[in-house]
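The values are calculated or read from the model by the stated rules, or taken from the named source; none is laboratory data. Computed from a predicted model, the values in this text were never measured in an experiment. Glycine also receives a Cβ, built like all others from the backbone with ideal geometry; neighbour counts cover every protein chain displayed.
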Amino acid sequence: MSEQNTVEAETAYGRVSGLAGDGCVRFLGIPYAAAPAGDLLFAAPVPPRPWSGVRAAHSLGPTAPKPPLGGRLGEITSDPDIEGEEWLNLNVWTPDPAGSGMPVLVWIHGGGFTTGSSAVPTYDGAAFARDGLVCVSFNYRLGVYGFGYLPDAPAPANRGLLDQIAALNWVRENIANFGGDPGNVTVAGESAGAMSVLALLSREDGLFHRAIVQSGTAHLGQTPADAAKVLAAVADELGVEPTVEVLAGVDTEELLKAQNEVSADVSQAPDTAKYGASTMASCGLSFMPVVDGDVLPRRPIDAIADGAGSDIPLLMGTTTEEFRLFVVTTILVGWNLPILYDKHLNAYSVPDGSWDEYKKGDTTAYPRNAASGVACALLSDRMFRIPTYRIAEARIVDSAAPTHLYEFGWRSPVTPNNLHVKIGACHSVDLPFAWNTLALPDSMKLTGPNPPQALATALHQAWADFAKTGQVSWAAYDTVRRPVMTYARDNSTTNTVVEDPRKTEREWWHGHPATN
């Protein structure tokens with residue numbers, strides 16, 4: 001763009017210029033904390049160094065070090081790498097930086113706490129800005145750098161969460177200079193980002209006023225002992241000691257390679273003896289927030305059940321077939337015998353008899369004509385849907401704010417395997433709809449051509465309305481009627497509120513320790 005298209009705004013650390021166009025002004029790659037390099041690599045985030053003059057914020061900033069998305073998953077999802085040390089940066093889309101009092105939507109990206117960034121093309125905030133919102137997205141430290149548990153003094157636990165808190169503090173202190181209202185902030189996230197939102201909600205820092213949680217769980221949190229086992233496995237892979245001093249000197253690519261090996265082992269050959277029960281119980285992720293008694297005092301579900309965040313309106317959703325993303329893109333899609341899934345199901349602690357129960361279940365909601373379909377249905381509920389219900393149920397007891405639930409059922413026709421099995425209504429397929437970025441080539445890798453724009457309009461509008469007002473068009477969840485807005489129910493074009501849409505499965509899991 002030409003110089004006439006630049007617009008300036010002030011931050012606490014210096015002036016920045018953004019680019020106007022497409023109905024908004026973009027400020028990209030603004031540092032919210034100092035580069036985590038040298039002595040800061042494993043330290044808590046600190047404020048960025050102030051700059052003089054006007055800093056150009058015209059392009060996305062560096063992304064945190066992360067392994068590449070390989071295999072079929074990498075073919076249908078985007079995860080750009082942008083080089084540089086200033087990973088802790090954020091982006092702002094605003095209708096008018098000279099305006100005031102506009103509601104703010106802050107996005108925390110997913111990626112299993114090891115991948116992802118705010119540079120994913122789908123997360124273009126222009127559509128939210130055109131709706132009258134100031135949209136913010138940011139990067140945070142991942143994997144060993146962000147969540148590796150190093151109990152020695154220079155490295156606090158949960159550095160990735162501390163980065164997120166630093167970004168939200170930046171929003172509170174600076175967003176008014178971009179037209180936003182620091183007293184009207186909604187935090188949204190998907191997958192690991194949704195888990196982060198729930199962890200932050202349980203802390204009650206007062207940094208946001210509403211929350212959107214897509215495909216998340218509050219039943220996460222490694223014990224320090226189990227987190228130490230995972231990091232020890234990475235150190236063993238490298239042949240080094242698991243200390244700050246040693247790991248800080250390891251080549252980044254070598255560290256990421258070792259981290260990836262351990263992450264693959266955790267997910268593909270789950271072993272509670274090797275990695276700990278809390279690692280498996282929390283969706284089987286290798287790196288995640290640690291219940292350290294400080295940054296994360298308790299498991300989020302336990303804090304929420306005791307009333308944490310009860311004054312924060314909450315919008316939560318799942319896709320119908322969450323786990324298909326993790327099966328249909330891997331060799332697991334070809335497993336044709338239930339016994340092949342036994343190790344996974346045992347590690348993830350499902351009730352006895354679950355396989356037979358799910359095999360005879362609602363075949364309209366879940367295709368179950370193969371062992372992989374039964375596994376996907378069972379693990380979708382174990383990892384995402386039942387934990388989502390549990391949060392809503394816990395908040396009903398004494399929450400002053402409503403909880404609204406939805407389910408996204410549109411099935412993508414993309415077949416990322418040699419067996420021509422579709423990914424369907426899988427994890428993450430809803431994101432181009434929520435962001436209203438269906439037309440982007442990167443979004444179409446996941447949705448295929450010609451996804452329904454009307455569905456994107458509806459879901460995006462619900463997110464925007466909630467971020468503005470804390471309200472949506474359907475009733476809050478309760479334990480009598482249990483209303484859930486179902487988008488594209490059973491892959492139809494109908495969006496309708498259904499009462500207790502997964503009653504059979506919900507009752508099957510009632511009282512099970514893994515989801516309590």
Spot the failing condition for residue 481; the list is (1) farther than 24 Å from residue 111 by Cα; (2) crowded, with 20+ Cβ neighbours inside 10 Å; (3) touching an Asp or Glu at 6+ places or on another chain (Cβ under 8 Å); (4) not hydroxyl-bearing (Ser, Thr, Tyr), and only one is missed. (2)
Apart from one, (1) within 29 Å of residue 261 (Cβ to Cβ); (2) part of a strand (DSSP E or B) all hold for residue 9; the odd one out is (1)
Tell me which residues, restricted to region 14-54, are surrounded by fewer than 21 Cβ atoms within 10 Å (Cβ to Cβ) and closer than 24 Å to residue 133 by Cβ. 15, 17, 19, 20, 21, 22, 23
What number of residues in region 490-516 are charged (D, E, K, R), surrounded by 14 or more Cβ atoms within 10 Å (Cβ to Cβ) and more than 16 Å from residue 425 (Cβ to Cβ)? 2
I'd like the full set of residues that are closer than 19 Å to residue 409 by Cβ, of a type in the set (D, E, K, R) and in contact (Cβ under 8 Å) with a residue 60 or more places away in the chain, limited to region 352-375. 362
Filter region 276-313 down to the residues that are closer than 25 Å to residue 331 by Cα, touching a Pro at 6+ places or on another chain (Cβ under 7 Å) and not in a helix (DSSP H, G or I) and list them by number. 284
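Among the residues of region 126-158 satisfying the criterion of being under 23 Å from residue 11 (Cβ atoms) and surrounded by fewer than 24 Cβ atoms within 10 Å (Cβ to Cβ), which is farthest from the chain's Cα centre (by Cα)? If you could, list the steps in order and put the result at the bottom.
Step one: of region 126-158, the residues under 23 Å from residue 11 (Cβ atoms) are 126, 128-129, 132-141.
If we keep only those that are surrounded by fewer than 24 Cβ atoms within 10 Å (Cβ to Cβ) as well, we get 126, 132.
Working: 126: 20, 132: 24 Å.
Only one residue fits best here, namely 132.
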Could you tell me whether region 272-284 includes any residue that is free of Cβ contacts under 8 Å to residues at least 40 places away in the same chain and closer than 15 Å to residue 147 by Cα? no
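For (1) more than 30 Å from residue 75 (Cα to Cα); (2) of a type in the set (A, V, I, L, M, F, W, C); (3) in a loop (DSSP other than H, G, I, E, B), each residue gets a yes or a no:
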| site | (1), (2), (3) |
| --- | --- |
| 445 | no, no, no |
| 480 | yes, yes, yes |
| 497 | yes, yes, no |
| 501 | yes, no, yes |
In region 346-371, which residue that is part of a helix (DSSP H, G or I) and at pLDDT 90 or above is surrounded by the most Cβ atoms within 10 Å (Cβ to Cβ)? 358
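Tell me, please, whether a residue that is touching a residue at least 60 places away in the same chain (Cβ under 8 Å), surrounded by 14 or more Cβ atoms within 10 Å (Cβ to Cβ), part of a strand (DSSP E or B) and in contact with a helix residue (DSSP H, G or I) (Cβ under 6 Å, 6 or more places away or on another chain) can be found in region 316-327.
To start, the set of residues in region 316-327 that are touching a residue at least 60 places away in the same chain (Cβ under 8 Å) comprises 316-326.
Now drop any that are not surrounded by 14 or more Cβ atoms within 10 Å (Cβ to Cβ), which leaves 316-326.
From what is left, the residues that are part of a strand (DSSP E or B) are 316-319.
Adding the requirement that they be in contact with a helix residue (DSSP H, G or I) (Cβ under 6 Å, 6 or more places away or on another chain) leaves 316, 318.
Yes, the conditions are met somewhere in region 316-327.
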Picking from 84, 23, 38, 70, which residue would you name as being of a type in the set (Gly, Ala, Ser) and under 21 Å from the mean Cα position of the chain (by Cα)? 70
Residue 273 fails exactly one of (1) closer than 26 Å to residue 346 by Cα; (2) in a loop (DSSP other than H, G, I, E, B); (3) of a type in the set (A, V, I, L, M), namely (2)
